[in-house]
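Trainee: Let me give you the structure first, and then I'll get to my questions.
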Amino acid sequence: MHSDARPPLALTLAAIGGLLFLHMPIVLIFLYAFTTEDRSYQFPPPGLTTEWFAVAWNRADIWPPLYLSLRVAALSSGLALVLGTLCAAAMARARFFGRDTISLLVVLPIALPGIITGMSLRSAFAIGDIPFSTFTIVLGHATFCIVIVYNNAVARFRRLGASMLEASADLGANSFQTFRHVILPNLGSALLAGGMLAFALSFDEVIVTTFTAGQQSTLPIWMLNELVRPRQRPVTNVVAIVVFVATFLPILAAYYLTRGAEETAGGGK
Amino acid sequence: MSGAAHPARGPGDRLTGLFWRRPKLLTALLLLPPLLWLGVVYIGSLVALLVQSFYSIDQFSGLVVPDFTLKTYAELLIPSNFDIIVRTVAMAAAVTLASVVLAFPVAYFAARYAKGRWKAVFYLGIMLPLWSSYLVKVYAWKLILAKEGIVTWAAEGIGAGNLLNAVLALPVIGGNSLSTSYIGTFLVFLYVWLPYMILPMQASLERVPTSMLEASADLGAGNWRTLRSVILPLALPGVIAGSIFTFSLTLGDYIIPQIVGSSRFFIGQAVYSLQGTAGNIPLAAAFAVVPIAIMLVYLTIARKMGAFDAL
């Protein structure tokens, strides 16, 4: 549906109002990182300063959670890249019995609320007597990241079609050479986009993580603790900006990598 | 090239031949790792959740008794626990209804009037809040709704301070400040899940053929009549698809009511506190099964209404 008529004024205002509603709160996070008031959320801020960036840099308790988050996000998106691509390749190749069940199975970890994934893993760890570790966090994250990579890869496989692969085989390439020289270059940007979205999703995840981390602290868990028991409030804002940028940049990059394709990255969180 | 057909030059070629003769073998090999992962880690865990929910806890020792019983599910029905379920479902329904109202103008404008540069602005404008950090968004609302925050400041600035106080004085939904009231919890839920409603709604609106709008106008219908009799019914599958997200996500969230809200529990908070400090994993598991059961009923109804064609 598209029309070239001018939209009614009330509709334009409501639509722009809706977009502003979605963006204004995030602007405030940036403003409060510069406030001189560190005991309350007073508005307007009594004064502005940049000292909190230095304070945050020197806070020793921020760095270990940051490293843990980076490690978990890298491992999970790596695992999800392999598993999601394999699954997409199989689904693009053939129609077979149980195909719909498999696509449901891939989507389920993100379709059901995080608390169910989290509590399920927690139950399994309790039954299996598995101690909490980086591995248990990655187990949860990789599971819900698979669908992100899968969505991006499967759309690209569909566009690639069978004729290119047949041409490659006719020219004497075996399956592995076809994968290396035909499939991978065509899939590259979709996989990069999917991997970055998966990284962003994992880096920011908190609900599943609280069930699988035990005593460990990722950056979102650190933030959650500061929200419940605030110490230096503007420092939390500085960290919030870091988390925001670390998720914002991959998403923007993924959008530009897959723009114009039939399926733009990010449509199916 | 030495022969008429390609001779096998190494293991890679021999495997290629095998895959060519048995295409199902390659499909199976490709599927094996992801299915193994999802089957063991995810389905295995869901089964563990179900199993745990049929266990019970020994009142005296506090240890989990691994015997099959329905005792834990019966505990869900005692008034204090049942209130938690009712409160959560009521909140999920309110958030879903409000997000339909708020999402419609944005989705409708993006589908019908936005083009070129504005199309991209709307796409990114919805996508970025959807993907940007969940915790950062919740935190932003803690700043906004705080007693000394921007809402109070703005309300006093335009002389509506008394109105704000009157709203906060309302029974049940009011509170000490917006950030400790149900109104606050509702606003944050609405904000965080709104993009999940806009996107499927926009997708279904974009599929409404322009010719149908013209036909409606030719038959003498005004704008409102066309909206009510043509556009809204055709957009319904998208609305239902979006409501699946907003409803399910609200049912399962525990961070938002913990950061912004009164001290009364939602399902998610009950699950989290029961599995943690209380150590009552069976009851936590039984609580976690509730959103699954509610969503299964919801999905069955949605499927009957054709919502899945729009996903």
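Trainee: Within straight cross-link reach of B:Lys24, meaning Cα distance under 18 Å, which aspartates and glutamates are found once same-chain residues fewer than 8 apart are removed?
Mentor: Excluding near neighbours in sequence, the set is A:Asp100, A:Glu166, B:Asp13.
Trainee: Which residue, A:Thr258, A:Thr218, A:Thr49, tops the fluctuation ranking in a GNM of chain A built on C-alpha contacts under 10 Å?
Mentor: A:Thr49
Trainee: Here is a follow-up. So how far apart, in nm, are the two label points at B:Leu227 and B:Arg21 if each is 7 Å from Cα heading toward Cβ?
Mentor: 6.7
Trainee: Please average, across the residues of B:201-207, the number of beta carbons from any other chain that are within 10 Å of each residue's own beta carbon, and give a whole number. Present the calculation step by step, with values, prior to reporting the outcome.
Mentor: Numbers: counts 0, 0, 1, 1, 1, 2, 1.
The per-residue average across the peptide is 1.
Trainee: Something else: For segment A:152-269, just say rounded, prolate or oblate: build the C-alpha gyration tensor, square-root its eigenvalues into a ≥ b ≥ c, call rounded for a/c under 1.5, and beyond that prolate if a/b exceeds b/c, oblate if not. The partial results should precede the final answer.
Mentor: Details: a/c = 3.97, a/b = 2.74, b/c = 1.45.
Prolate is the answer for segment A:152-269, as a/c is 1.5 or above and a/b outweighs b/c.
Trainee: Got a sec to turn the phi values of segment B:157-164 into Karplus ³J(HN,Hα) couplings, 6.51 cos²θ - 1.76 cosθ + 1.60 with θ = phi - 60°, whole Hz, x for Gly and Pro?
Mentor: Ordered by residue, 3J(HN,Hα) equals x, 9, x, 10, x, 5, 4, 4 Hz.
Trainee: A further question on this structure: With r defined as the distance between the Cβ atoms of A:Asp100 and B:Ser273 and R0 fixed at 35 Å, what FRET efficiency is calculated, to the nearest 0.05?
Mentor: Numbers: r = 38 Å, r/R0 = 1.08.
With R0 = 35 Å, the Cβ-Cβ based efficiency is 0.40.
Trainee: For peptide B:24-33, compute the average count of partner chain beta-carbon atoms within 10 Å of each residue's beta-carbon. Don't skip to the end; give the middle numbers.
Mentor: Numbers: counts 3, 0, 5, 7, 3, 2, 10, 11, 2, 5.
Average per residue, whole number: 5.
Trainee: Any chance you could look up the accessible area of B:Trp37 with a 1.4 Å probe, heavy atoms only, rounded to 10 Å²?
Mentor: In the full protein context, B:Trp37 sits at about 50 Å².
Trainee: Accessible area per residue, 1.4 Å probe, Å², for segment B:65-179: what's the number? Before the final figure, lay out each step's value.
Mentor: Details: 5340 Å² over 115 residues.
Value returned for segment B:65-179: 46 Å² of accessible area per residue.
Trainee: Using the Kirkwood radius over C-alpha pairs as Rh, can you work out the diffusion coefficient of the protein assembly as shown via Stokes-Einstein at 10 °C, viscosity 1.306 mPa s, in µm² per second?
Mentor: Estimated via Stokes-Einstein, D reaches 61 µm²/s.
Trainee: Debye sum, Cα scatterers, segment A:60-267, no solvent: what log₁₀ I/I(0) at q = 0.10, 0.14, 0.18 1/Å?
Mentor: Relative scattering, expressed as log10 I(q)/I(0), comes to -0.50, -0.88, -1.24.
Trainee: Quick one: plug the Kirkwood hydrodynamic radius of segment A:40-101 (C-alpha pairs) into Stokes-Einstein at 25 °C, 0.890 mPa s, and report D in µm²/s. Write out the running numbers ahead of the final one.
Mentor: On the way: Rh = 16.6 Å.
Rounded to a whole number, D works out at 148 µm²/s.
Trainee: Here's a follow-up. Of all accessible surface on segment B:146-192 at a 1.4 Å probe, what whole percent is carbon and sulfur? Walk me through the intermediate numbers first.
Mentor: Values: 1610 of 2320 Å².
C and S fraction of accessible area: 70 percent.
Trainee: Please list B:Arg303, B:Arg117, B:Arg207 in order of solvent-accessible area, largest first, computed with a 1.4 Å probe with all protein chains present.
Mentor: Values: B:Arg303 170, B:Arg117 195, B:Arg207 145 Å².
Highest to lowest solvent-accessible surface, that is B:Arg117, B:Arg303, B:Arg207.
Trainee: While we're on this one: Taking all protein chains together and a probe of 1.4 Å, list B:Val86, B:Val100 from the most accessible to the least accessible. Display every interim value, and only then the final one.
Mentor: Values: B:Val86 75, B:Val100 40 Å².
If we order B:Val86, B:Val100 from most to least accessible, we get B:Val86, B:Val100.
Trainee: In Å, what is the Rg of the alpha-carbon atoms in segment B:233-299, and how long is Dmax?
Mentor: 14.4, 49
Trainee: Further question: Dividing the Cα convex hull volume of segment B:56-213 by residue count, how many Å³ per residue is that? Working shown, then result.
Mentor: Numbers: hull volume 35.9 nm³, N = 158.
Per-residue hull volume (Cα only) is 228 Å³.
Trainee: For chain B, modelled as a GNM with alpha-carbon contacts under 10 angstrom, which of B:Pro34, B:Pro209, B:Pro79 fluctuates the most?
Mentor: The residue with the greatest mean-square fluctuation here is B:Pro34.
Trainee: Between helix A:219-228 and chain A, what is the angle of the helix's C-alpha long axis to the longest principal axis, kept within 0 to 90° and rounded to the nearest 10?
Mentor: The answer is roughly 40 degrees.
Trainee: Across peptide A:36-45, how many C-beta atoms of other chains are within 10 Å of each residue C-beta, on average? Mind showing how you got there, number by number?
Mentor: Numbers: counts 0, 1, 0, 1, 4, 10, 8, 10, 2, 0.
The mean count of partner-chain Cβ atoms within 10 Å per residue comes to 4.
Trainee: Kindly provide the trypsin sites (Lys or Arg not before Pro) of segment B:7-106 that DSSP labels as loop, not H, G, I, E or B, and whose Cβ sees at most 13 other Cβ atoms within 10 Å.
Mentor: On the way: sites: B:Arg9, B:Arg14, B:Arg21, B:Lys24, B:Lys71, B:Arg87; in loops: B:Arg9.
Qualifying residues, ordered by number: B:Arg9.
Trainee: Which far-off residues, 5 or more places away or on another chain, put their amide H under 5 Å from the one on B:Ser56, with H placed in the peptide plane?
Mentor: For B:Ser56, the qualifying residues are B:Val65, B:Asp67.
Trainee: Using θ = phi - 60° and the Karplus form 6.51 cos²θ - 1.76 cosθ + 1.60, what ³J(HN,Hα) does each residue of segment A:80-95 get, whole Hz, x for Gly and Pro?
Mentor: These are the phi-based 3J(HN,Hα) values: 5, 4, 5, 5, x, 5, 4, 5, 5, 4, 5, 5, 6, 6, 9, 9 Hz.
Trainee: Here is a follow-up. Would you mind computing the Rg to Rh ratio of segment B:1-100 from its alpha-carbon coordinates, Kirkwood style for Rh?
Mentor: On the way: Rg = 27.3 Å, Rh = 19.7 Å.
Reported Rg/Rh, Kirkwood definition of Rh: 1.39.
Trainee: Can you compute 3J(HN,Hα) from phi for each residue in segment A:184-189, using the Karplus curve 6.51 cos²θ - 1.76 cosθ + 1.60 with θ = phi - 60°, rounded to whole Hz and x for Gly and Pro?
Mentor: 4, x, 6, 8, x, 5
Trainee: Quick one: which residues, 5 or more positions from A:Thr35 or on another chain, have an amide H under 5 Å from its amide H? H modelled 1.01 Å from N in the peptide plane, none for Pro or chain starts.
Mentor: It is A:Thr49, by chain and number.
Trainee: To continue, here is another question. Between segment A:203-218 and segment B:164-199, what is the separation of their alpha carbon centroids in Å?
Mentor: What the calculation gives is 26 Å, centre to centre.
Trainee: Please check: in the Gaussian network model of chain B (C-alpha springs, under 10 Å), which one of B:Leu296, B:Leu32, B:Leu249 has the largest mean-square fluctuation.
Mentor: So, out of B:Leu296, B:Leu32, B:Leu249, the one fluctuating most is B:Leu32.
Trainee: Treating cross-link reach as a plain straight distance, find the lysines whose alpha-carbon is under 24 Å from the alpha-carbon of B:Lys147, omitting any fewer than eight places away in the same chain.
Mentor: Of all the lysines, those that pass the test against B:Lys147 - Cα under 24 Å, at least 8 places apart if same chain - are B:Lys137.
Trainee: Still on this structure, please answer the following. If the viscosity is 1.567 mPa s and the temperature 4 °C, what Stokes-Einstein diffusion coefficient in µm²/s follows for segment B:180-311 when Rh is the Kirkwood radius over Cα pairs?
Mentor: Numbers: Rh = 17.2 Å.
The calculation lands on 75 µm²/s.
Trainee: Moving to a separate point now. Helix-only estimate, please: 222 nm mean residue ellipticity of chain B, summing -39500 (n - 2.57) across DSSP H runs of length 4 or more and dividing by its residues, to the nearest 500.
Mentor: When only DSSP H runs of four or more count, the value is -22000 deg cm²/dmol.
Trainee: Let me understand chain B better: what is its radius of gyration from the alpha carbons, and its Dmax, in angstrom?
Mentor: 26.2, 92
Trainee: Whole number please: convex hull volume per residue, Cα atoms of segment A:9-51, in Å³.
Mentor: Working: hull volume 3.6 nm³, N = 43.
Normalising the Cα hull of segment A:9-51 by residue number yields 83 Å³.
Trainee: Quick one: ranking A:Val238, A:Val228 by accessible area, 1.4 Å probe, largest first, what do you get?
Mentor: Values: A:Val238 10, A:Val228 65 Å².
Descending accessible area places them as A:Val228, A:Val238.
The values are calculated or read from the model by the stated rules, or taken from the named source; none is laboratory data. None of these values were measured; they are calculated from a predicted model. Cβ sites come from the backbone with ideal geometry, for glycine too, and all protein chains shown count toward neighbours. What goes into the accessible areas is simple: the full protein's heavy atoms, side chains included, and nothing from ligands, DNA or RNA. Shrake-Rupley method; radii C 1.70, N 1.55, O 1.52, S 1.80 Å.
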